[in-house]
Amino acid sequence: MKKSDLVRIIREVVKREVKSALKEQFSTKQPIKQKSITKKESVEQFSSDPVLNEVLQQTAGEWATMGNRELNSSDAMAGKAGLASMMGLESHDQAFGQPTIQQMLPTDRKHVDVNPELEHALTKDYSKLMKAIDKKKQNK
């Protein structure tokens, strides 16, 4: 027997074995679980824009839970404190309070001393100023 004949025979045997192994592997597929989507018979009109309305209809029933629990009116009444607790914060001041100068500085500048005037400018609450600007724009 020649070397080339042996190589050919081995190649054919390996090819047959791989083919049968692949056939066996793919014939025992696990069924794919598909999320069943139930369509509502009544179509709600969320917006006058048809594209936006279609997107809102697709997502209307999907957001009933958040944080692995159902939300209710007490979650809405909790306001910032409720949101902070859902985020895992102790109080809403941790997330929504006045920022410190260390929070405002970039990471590579944390070691720099900041004079008090600049610190006040960076951490000042500008919400009243922005409301006044908005009010002035509306009056024009």
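Observations on the model:
- Residues in segment 118-140 that are at pLDDT 90 or above and either of a type in the set (Asp, Glu) or within 10 Å of Ile101 (Cα to Cα) (or both): Asp134 only.
- When Met77 is tested against (1) modelled with pLDDT under 70; (2) surrounded by 11 or more Cβ atoms within 10 Å (Cβ to Cβ), exactly one condition is not met: (2).
The values are calculated or read from the model by the stated rules, or taken from the named source; none is laboratory data. In this text the structure is predicted, and so the values were computed from the model without any measurement. Counting neighbours? That spans all protein chains shown, and the Cβs are built from the backbone with ideal geometry, glycine included.
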